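Quick notes on the structure that follows.
Values in this text are rule-based calculations from the coordinates and carry no lab data. Treat the numbers as computed from the prediction; the structure is a model and nothing was measured. Reconstructed Cβ throughout: ideal geometry from the backbone, glycine too, with neighbour counts over all protein chains shown.
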Amino acid sequence: MRSIAAVLALAAMGASGCGYRVSGHADTLPQTLKSIAIPAFSNITSRHQLSAKLPAALTREFLSRTRYQVVPDPNEADAILQGSVVSYNSYPTVFDPVTGRAAGVQVILILQLKLVDRVTGQALFQRDAYEARARYEISVDQVAYFDESSVAMDRMAAEVARMVVSSVLENF
């Protein structure tokens, strides 16, 4: 008897819903939106490599996680995601105690983002100071040392794309 009451109580709680949802799965954009264009990002920093990688990373993320088609021509899209890299700062976070060289780097990126309905011009999502952070490690062995920044920029672009797509979908 007691186990039946417990099962019924759990079923009642489950049926009532608690209001929670899993992050990254909401879509607050209009249902009429079917396609998005992601043109090249502008960049006022000295790190142009990242602004070149972001549109491709965002395209991959939108295609893999959403129902939207990403089109190359903004004139054929329902919405256009405009972006600009406005700040890029990096600083060492970990130092090798033997050589004193940096072994870890923290990157802080500030973006301006705006998803615009192409027909109405209405902003569907806008962040003027979207902050993203990432870390990467640098080899301290001088024989094995190579510039990790290109690989780190690929990882950072993918990480930023995941955050941006979640933010756009949830309008957060």
Neighbouring Cβ atoms within 10 Å as the yardstick, rank K114, K53 fewest first.
K114, K53
On a full-extension model of 0.36 nm per residue, what is the gain between V86 and E137, subtracting their alpha-carbon distance, rounded to one decimal in nm?
16.0 nm
At R0 = 41 Å, how high is the FRET efficiency between Q31 and D96 if r is their beta carbon distance? Nearest 0.05 is fine.
0.15
For a quick check: sort D73, D27 by the number of other beta carbons within 10 angstrom, fewest at the front.
D73, D27
